[in-house]
Structure formats: structure tokens, C-alpha cells
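First comes the structure, then the notes that go with it.
Bear in mind that the values in this text are calculations on the coordinates, not laboratory data. Model, not experiment: these values are computed from the prediction.
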Amino acid sequence: MNDFCSMISKQNFKILRKNEVAKLLGVSCSTLYRMVRSGRFPEPHRSPKGYIQGWTVEALEQWRTNPQS
């Protein structure tokens with residue numbers, strides 16, 4: 001499980017929502033979720049109560065440099 005609270009305390013923290021990530025990747029939101037379910041894309045970070053979910057810029061950069069991990 002991701003430590004959401006420590007993550008948001010970092011400087012320059014930004015969560016990219018599904019629409020933003022889908023647009024950056026050039027796919028639909030449905031395709032983005034299919035990629036997550038199949039393991040081809042990392043799971044989104046979620047707040048402790050699950051209200052906020054999305055990906056950090058850092059997570060996207062890591063995925064772009066090594067999409068298999």
C-alpha cells in the first residue's frame with residue numbers, strides 16, 4: 001500500500017488524474033484502466049479513504065523509462 005500522507009508532504013507534489021494521464025499517453029480512460037488491470041501500467045495512488053486517486057509525475061517518469069516494472 002502506498003503511504004499517501006508521506007507522499008503528499010514532498011515538495012513539488014502533484015497528482016495527475018486519469019483524464020490527464022490518458023491524454024498524455026494518447027489513450028482513452030477505459031484503455032488506461034485496462035492497462036492497469038493487465039499490469040502494463042502502475043496502479044494509481046489512493047488517499048487513505050480512497051477519495052483522491054491518480055499518478056505522480058515521478059511514477060509516470062519511472063514507467064516511461066522502464067515500462068515492464
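Per-structure values
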quantity: Along principal axes, Cα extents of region 8-68, largest first, whole Å; calculated: 29, 26, 19
quantity: Amide proton proximity set for F41, modelled H, under 5 Å, gap of 5+; calculated: V36
quantity: 3J(HN,Hα) from dihedral phi, region 27-44, Karplus parametrisation 6.51/-1.76/1.60, rounded to Hz, x for glycine, proline; calculated: 10, 7, 4, 5, 5, 4, 5, 5, 5, 5, 4, 7, x, 7, 9, x, 5, x
